1. If you take every residue apart from S6 with its C-beta less than 14 Å away from the C-beta of S6, what net charge results, scoring Lys and Arg +1 and Asp and Glu -1?
2. Give, in nm to one decimal, the length gained when the segment between E143 and H76 is fully stretched (0.36 nm per residue of separation minus the Cα-Cα distance).
3. Once amide H atoms are built 1.01 Å from N in the peptide plane, which residues 5 or more positions from V54, or in another chain, come under 5 Å H to H?
4. So, with a 1.4 angstrom probe, what is the percent of accessible area on the range 20-71 that is carbon and sulfur?
5. For I57 and F17 in the same chain, what is the full-extension length gain: residue separation times 0.36 nm, less their Cα-Cα distance, in nm?
6. Return one whole number: the accessible area per residue of the range 1-92 in Å², for a 1.4 Å probe.
Amino acid sequence: MLPSVSILVCTYGRTTFLQEALESFARQEYDGALHMVIVNDCPLQTLTTIVPGVDIINLDHTCESYAAKRNLVLEHARHELTCLWDDDDIYLPDFVATVVAKLGDDDKAMRLSRLMKWDGRFAKIISGSQYHTAVFRTAALRELGGWRNVDVTDEDFVRRLVQYRFF
(Lines give C-alpha, C1' and ligand atoms only; values in the text may rest on other atoms or scores of the structure.)
Protein backbone atom coordinates (compact mmCIF):
# COMPACT_ATOMS: atom_id res chain seq x y z
CA MET A 1 0.00 0.00 0.00
CA LEU A 2 1.39 3.38 -0.99
CA PRO A 3 1.78 6.10 1.64
CA SER A 4 -0.71 8.94 1.65
CA VAL A 5 0.49 12.42 0.66
CA SER A 6 -0.57 15.92 1.65
CA ILE A 7 0.19 18.66 -0.88
CA LEU A 8 0.51 22.03 0.88
CA VAL A 9 0.01 25.32 -0.96
CA CYS A 10 0.04 28.95 0.19
CA THR A 11 -1.53 31.64 -1.97
CA TYR A 12 -2.46 35.30 -1.99
CA GLY A 13 -4.42 36.73 -4.92
CA ARG A 14 -2.83 34.61 -7.68
CA THR A 15 -5.85 32.73 -8.99
CA THR A 16 -4.57 32.27 -12.54
CA PHE A 17 -1.47 30.49 -11.28
CA LEU A 18 -3.42 28.56 -8.68
CA GLN A 19 -5.78 27.16 -11.34
CA GLU A 20 -2.76 25.61 -13.06
CA ALA A 21 -1.50 24.13 -9.79
CA LEU A 22 -4.95 22.64 -9.17
CA GLU A 23 -4.97 21.16 -12.67
CA SER A 24 -1.53 19.69 -12.02
CA PHE A 25 -2.79 18.15 -8.76
CA ALA A 26 -5.91 16.73 -10.44
CA ARG A 27 -3.76 15.00 -13.09
CA GLN A 28 -1.43 13.24 -10.66
CA GLU A 29 -1.23 9.51 -11.42
CA TYR A 30 -0.69 8.22 -7.90
CA ASP A 31 -2.41 5.15 -6.50
CA GLY A 32 -2.13 6.28 -2.87
CA ALA A 33 -4.32 8.87 -1.16
CA LEU A 34 -3.65 12.48 -2.15
CA HIS A 35 -4.93 15.56 -0.38
CA MET A 36 -4.21 19.21 -1.20
CA VAL A 37 -4.57 21.97 1.37
CA ILE A 38 -4.52 25.57 0.19
CA VAL A 39 -4.22 28.48 2.62
CA ASN A 40 -5.46 31.74 1.13
CA ASP A 41 -4.73 34.80 3.27
CA CYS A 42 -6.13 37.41 0.88
CA PRO A 43 -9.07 38.66 3.00
CA LEU A 44 -10.81 40.26 0.01
CA GLN A 45 -10.95 36.95 -1.84
CA THR A 46 -12.83 33.73 -1.11
CA LEU A 47 -11.59 30.76 -3.10
CA THR A 48 -13.60 27.64 -3.87
CA THR A 49 -12.94 24.57 -5.96
CA ILE A 50 -14.70 21.49 -7.25
CA VAL A 51 -11.46 19.52 -7.57
CA PRO A 52 -11.80 16.34 -5.46
CA GLY A 53 -9.33 15.99 -2.60
CA VAL A 54 -8.72 19.73 -2.21
CA ASP A 55 -9.50 21.79 0.90
CA ILE A 56 -9.19 25.56 0.84
CA ILE A 57 -8.77 27.55 4.02
CA ASN A 58 -9.77 31.18 3.41
CA LEU A 59 -8.47 33.43 6.16
CA ASP A 60 -10.09 36.73 7.08
CA HIS A 61 -6.67 38.29 7.65
CA THR A 62 -3.25 38.38 6.05
CA CYS A 63 -0.66 36.25 7.84
CA GLU A 64 2.08 38.18 9.59
CA SER A 65 4.74 36.49 7.47
CA TYR A 66 5.37 33.86 4.83
CA ALA A 67 6.78 31.63 7.57
CA ALA A 68 3.56 31.93 9.58
CA LYS A 69 1.50 30.99 6.52
CA ARG A 70 3.71 27.97 5.76
CA ASN A 71 3.48 26.82 9.39
CA LEU A 72 -0.31 27.21 9.31
CA VAL A 73 -0.66 25.04 6.22
CA LEU A 74 1.71 22.46 7.77
CA GLU A 75 -0.72 22.16 10.70
CA HIS A 76 -3.29 20.87 8.20
CA ALA A 77 -1.09 18.12 6.71
CA ARG A 78 -2.92 14.94 7.63
CA HIS A 79 -0.93 12.31 5.80
CA GLU A 80 2.33 10.44 6.31
CA LEU A 81 4.11 12.39 3.57
CA THR A 82 4.05 16.07 2.65
CA CYS A 83 4.89 17.88 -0.58
CA LEU A 84 5.27 21.65 -0.64
CA TRP A 85 3.94 23.35 -3.75
CA ASP A 86 3.84 27.03 -4.53
CA ASP A 87 0.66 28.37 -6.07
CA ASP A 88 2.43 28.62 -9.43
CA ASP A 89 3.92 25.12 -9.45
CA ILE A 90 3.06 22.78 -12.28
CA TYR A 91 4.17 19.14 -12.24
CA LEU A 92 3.90 16.29 -14.69
CA PRO A 93 1.31 13.62 -13.84
CA ASP A 94 3.95 11.18 -12.54
CA PHE A 95 5.62 13.66 -10.14
CA VAL A 96 4.18 12.41 -6.85
CA ALA A 97 4.55 8.74 -7.79
CA THR A 98 8.15 9.25 -8.90
CA VAL A 99 9.36 11.16 -5.85
CA VAL A 100 7.56 8.83 -3.40
CA ALA A 101 9.10 5.79 -5.12
CA LYS A 102 12.58 7.22 -4.47
CA LEU A 103 11.92 7.72 -0.74
CA GLY A 104 13.75 5.07 1.28
CA ASP A 105 12.47 3.64 4.55
CA ASP A 106 15.01 5.64 6.58
CA ASP A 107 14.81 8.86 4.56
CA LYS A 108 13.30 11.99 6.12
CA ALA A 109 12.86 13.46 2.68
CA MET A 110 13.61 12.86 -0.98
CA ARG A 111 13.93 15.28 -3.85
CA LEU A 112 14.15 14.85 -7.57
CA SER A 113 16.48 17.76 -8.30
CA ARG A 114 18.07 20.92 -6.98
CA LEU A 115 21.14 19.81 -5.15
CA MET A 116 21.92 21.62 -1.90
CA LYS A 117 25.00 21.85 0.30
CA TRP A 118 25.88 23.55 3.56
CA ASP A 119 29.08 25.59 3.49
CA GLY A 120 29.22 26.37 7.22
CA ARG A 121 27.40 29.68 6.93
CA PHE A 122 24.82 29.43 4.16
CA ALA A 123 22.79 26.83 2.35
CA LYS A 124 24.01 26.94 -1.22
CA ILE A 125 21.65 25.88 -3.96
CA ILE A 126 23.84 24.14 -6.53
CA SER A 127 21.05 23.61 -9.05
CA GLY A 128 17.62 25.22 -8.97
CA SER A 129 16.36 27.83 -6.59
CA GLN A 130 14.56 26.26 -3.63
CA TYR A 131 13.58 22.98 -1.93
CA HIS A 132 10.75 22.04 -4.24
CA THR A 133 10.53 18.70 -6.04
CA ALA A 134 10.74 17.13 -2.57
CA VAL A 135 8.55 14.93 -0.44
CA PHE A 136 8.98 14.97 3.35
CA ARG A 137 7.93 12.65 6.11
CA THR A 138 5.37 14.88 7.80
CA ALA A 139 6.48 13.95 11.32
CA ALA A 140 10.12 14.78 10.53
CA LEU A 141 9.12 18.11 8.99
CA ARG A 142 7.17 18.98 12.13
CA GLU A 143 10.11 17.92 14.32
CA LEU A 144 12.28 20.34 12.36
CA GLY A 145 9.98 23.09 13.60
CA GLY A 146 8.69 24.30 10.26
CA TRP A 147 9.67 27.78 9.17
CA ARG A 148 11.19 30.49 11.33
CA ASN A 149 10.27 34.13 10.95
CA VAL A 150 13.54 35.38 9.48
CA ASP A 151 14.37 37.76 6.64
CA VAL A 152 15.35 35.05 4.17
CA THR A 153 12.82 32.33 4.98
CA ASP A 154 13.74 29.85 2.26
CA GLU A 155 17.50 30.12 2.83
CA ASP A 156 17.04 29.48 6.55
CA PHE A 157 14.74 26.53 5.88
CA VAL A 158 17.13 24.95 3.36
CA ARG A 159 20.06 25.46 5.75
CA ARG A 160 18.19 23.60 8.49
CA LEU A 161 17.14 20.81 6.10
CA VAL A 162 20.78 20.23 5.21
CA GLN A 163 22.02 20.70 8.79
CA TYR A 164 19.56 18.11 10.12
CA ARG A 165 20.41 15.73 7.28
CA PHE A 166 17.08 15.71 5.48
CA PHE A 167 19.02 15.42 2.22
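1. +1
2. On the way: separation 67, 0.36 × 67 = 24.12 nm, distance 1.50 nm.
Answer, rounded to one decimal: 22.6 nm.
3. When sequence neighbours closer than 5 places are left aside, the close amide H contacts are M36.
4. The C+S portion of the solvent-accessible surface of the range 20-71 is 50 percent.
5. Working: separation 40, 0.36 × 40 = 14.40 nm, distance 1.72 nm.
Difference between extended and current length: 12.7 nm.
6. For the range 1-92, the per-residue accessible area is 51 Å².
The values are calculated or read from the model by the stated rules, or taken from the named source; none is laboratory data. Everything quoted here is computed from the prediction, not taken from an experiment. Backbone-built Cβ (ideal geometry, glycine too); neighbour counts: all protein chains shown. These area figures cover heavy atoms from the full protein model, side chains too; ligands, DNA and RNA do not enter into them. Shrake-Rupley method; radii C 1.70, N 1.55, O 1.52, S 1.80 Å.
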